Amino acid sequence: MKGLYWSGLPALSRCLLARKGRFALNFHGVAQQCYAEVPRELQPHHTLAEFRRTLAWLAARFDFLSLEDFLYTAKPGLLLTFDDGHANNLLNILPLLAEFRAQGLFFVTVQHVPQPRNWLS
């Protein structure tokens, strides 16, 4: 079995199967940078540089799908989704999506509009 692993065949088969698959990836926020004085769990999960590298990696391996493609066609690829509707979605994510010619589906929550400082509860 080890010989099969070292041959690279399992990795190649995963790659070929993934290219024919349909996936939805969810992200939350993308910050310009990490801030040492802010606890990591309160910061977005990616920095701008990390998200750019992630998109470059994904673009080399998958086609980006629109919501319509994902819902109404059998086209293989990747749908990018983003939760919570933070301002960094507009400021940081949208320009990178345009750079990579990718679309995104944004879920904007409004439950914290009346009390914006209480967004973690």
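The values are calculated or read from the model by the stated rules, or taken from the named source; none is laboratory data. Everything numeric in this text was worked out from a predicted model, so none of it was measured. With ideal geometry, Cβ positions are generated from the backbone for all residues, glycine too; neighbour counts draw on all protein chains shown. We work out accessible area using only protein heavy atoms, side chains counted, and drop any ligands, DNA or RNA first. Shrake-Rupley method; radii C 1.70, N 1.55, O 1.52, S 1.80 Å.
Where does each of 65-75, 86-96 land if you order them by average Cβ count within 10 Å, highest first?
Working: 65-75: 13.0, 86-96: 16.5.
Listed from highest to lowest mean packing, they are 86-96, 65-75.
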Check: Which cross-chain or sequence-distant (5 or more) residues have an amide H under 5 Å from the amide H of Leu79, H modelled 1.01 Å from N in plane?
Finding: Phe23, Ala24, Leu25, Leu65
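Whenever you get a sec, compute what percent of the accessible area on the range 25-85 sits on carbon and sulfur atoms (1.4 Å probe).
Working: 1990 of 3530 Å².
Roughly 56 percent of what the probe reaches on the range 25-85 is carbon or sulfur.
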Check: Protein chains only, probe 1.4 Å: how do Asp63, Asp83 rank by accessible area, largest first?
Finding: Asp63, Asp83
Note to self: What are the ³J(HN,Hα) couplings of the range 28-36, residue after residue, when phi is run through the Karplus curve with 6.51, -1.76, 1.60 and θ = phi - 60°? Round to Hz, x for glycine and proline.
What the structure shows: 10, x, 9, 9, 4, 7, 8, 10, 4
Notebook entry, point to check: In nm, to one decimal, how far is the modelled label at Ala24 from the one at Val108, with both set 7 Å along Cα→Cβ?
Noted result: 1.9 nm
Item checked: Segment Ser66-Cys34, length gained on full extension (0.36 nm per residue, minus Cα span) -> 8.5 nm
